[in-house]
Amino acid sequence: METQKFAGEQDLLRRVKVRLVPEERRREFDFRLEQDHYLHSARLSGQTLRYVAEVDGKWVALLCFGAAALHLKAREQWIGWTPQQRARRLAFVVNNSRFLVLPQRQKYPNLASRVMGLCLRRLSADWQEQWGHPVLVVESFVDESQYRGTCYRACGFEAVGLTEGYGRASRDFYQEHGQPKQLYVRELPKGARGLLRRGRLPKELAQLEKETSGPCPFRAGELDSLLGRFRALKDGRRGHGLRHRQPFVLACAAVATLMGSGGYQAFQDQCSKLTQRQLKALGCREDKEGRYRPPSDTTFFRVITKLDAAQFEQIVGSWLLEQEVSTLARLAVDGKVARGSGRNQTKPLQLLSAVSHRVRLTLGQVPIEEKSNEIPALKPLLNSLPSLEGGLITADALHCQQESSRFVTQDLGADYLWGLKGNQTGVLEKAQRLLKGQSFFPSGKGGPLGKRPSSA
């Protein structure tokens with residue numbers, strides 16, 4: 001590279017342009033990486049994009065973006081998602097796998113950050129056009145024995161921790177190479193981490209999630225305790241020719257639901273990934289070949305449609321509380337009318353429910369007395385659950401009053417997030433006056449991936 005042709009760094013930076021590598025120059029691009037990049041390899045698998053930075057048609061930098069690493073402890077902690085969410089949403093994370101600056105870095109110290117910044121501006125749109133979905137998070141590894149990661153920090157990346165020093169040697173085998181690297185990550189749109197760990201993605205992103213539900217997080221002994229709870233339920237099917245017993249089918253449905261599956265076909269697909277030991281722990285009987293087989297989608301349909309849904313949720317909810325305390329970290333409280341309870345000119349049955357934000361499962365219910373409302377039912381409902389200390393309780397505007405707030409904070413040691421409407425006119429007017437002109441919340445015009453106003 002004839003760097004002397006550039007008058008100076010500022011002159012060069014103003015004229016840098018980034019574009020995708022045309023197919024006719026792909027071999028040249030790969031050759032430069034193999035010759036000059038410290039990894040001496042241009043081999044990339046899966047979905048990739050190759051960029052070149054130019055000044056007056058002359059290459060000054062090469063970049064490659066590809067599929068994210070499958071498992072990174074530091075990244076998973078930084079995002080805060082579950083293994084099931086990671087399995088479904090990992091495609092929204094992209095790895096900057098190669099970055100080669102061709103001129104001498106000492107002469108143009110800001111060239112790398114300029115090129116990276118230009119790439120990040122167009123990366124999500126290019127990825128959407130090429131692969132059908134946007135990019136929410138970008139990651140990269142930096143060998144700190146050779147580089148300091150300055151350009152990544154200048155572009156808003158955050159160093160979140162060292163890797164374990166292993167590399168993939170085959171599909172399911174990792175080999176220690178003894179060279180841990182620093183992991184740098186950056187949200188591409190602001191708030192991307194929050195989106196990736198949400199229970200449900202916005203509609204435009206949810207349709208792009210993978211169908212897989214991730215690995216089963218429960219051990220065989222834990223699954224056996226779930227099976228025991230279902231044995232008390234009466235089987236609504238006829239006894240002749242039943243291949244799978246009802247407790248086994250229900251336990252499979254519960255586990256599949258907790259792993260993110262929704263629908264009978266999804267139950268079948270998810271349970272087909274369970275190990276033989278897990279299927280046995282869930283109560284499966286051996287077939288003629290001595291194998292354990294998961295239920296089919298039609299079996300799930302026949303069993304579940306004859307079941308009391310409220311009783312099923314109560315059983316799974318109480319079991320889940322014993323397995324994972326984080327289920328109680330965020331609870332939504334809401335009142336509902338039981339379907340069909342208002343027939344024959346009787347007053348419908350109203351229930352106040354506590355639902356886990358994380359797994360969207362009802363953990364407790366209490367009836368609302370006649371000639372009353374949800375407020376008096378809040379205490380017995382939350383008192384029926386294990387300790388909620390340090391958790392967050394959300395509810396609609398009906399509970400936005402002093403006694404419910406005092407009970408949650410003082411008695412339970414939790415926090416609350418209440419809706420605020422016209423039923424508390426004084427508080428509403430004061431809030432509107434204090435928040436007028438502030439930009440605490442998104443305007444909603446750009447959606448979850450659009451522009452957001454700056455924080456106050």
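The values are calculated or read from the model by the stated rules, or taken from the named source; none is laboratory data. What you are looking at is a predicted structure, and each value in this text was computed from that prediction instead of being measured. Glycine gets a Cβ as well: all are built from the backbone with ideal geometry, and neighbour counts include every protein chain shown.
Test Trp127 against the stated conditions and say whether it is within 22 Å of Leu196 (Cβ to Cβ), out of contact with any strand residue (DSSP E or B) (no Cβ under 7 Å at 6 or more places or on another chain) and not in a strand (DSSP E or B). No.
Criterion first (of a type in the set (S, T, N, Q), surrounded by fewer than 18 Cβ atoms within 10 Å (Cβ to Cβ) and modelled with pLDDT of 85 or more) does Thr346 satisfy it? Taking the combined requirement at face value, the residue does not satisfy it. Give me a count of the residues in segment 247-302 that are in contact with a His (Cβ under 8 Å, 6 or more places away or on another chain) and either at pLDDT below 85 or assigned to a helix (DSSP H, G or I) (or both). Residues flagged as in contact with a His (Cβ under 8 Å, 6 or more places away or on another chain) and either at pLDDT below 85 or assigned to a helix (DSSP H, G or I) (or both) within segment 247-302 amount to 1.
How many residues are touching a residue at least 24 places away in the same chain (Cβ under 8 Å) and over 26 Å from the mean Cα position of the chain (by Cα) if we restrict to segment 44-61? Of the residues in that region, 11 qualify.
Taken together, Arg98, Arg50, Arg89 contain a single residue that is under 20 Å from Gln146 (Cβ atoms), in contact with a Phe, Trp or Tyr (Cβ under 9 Å, 6 or more places away or on another chain) and basic (Lys, Arg), which is Arg98.
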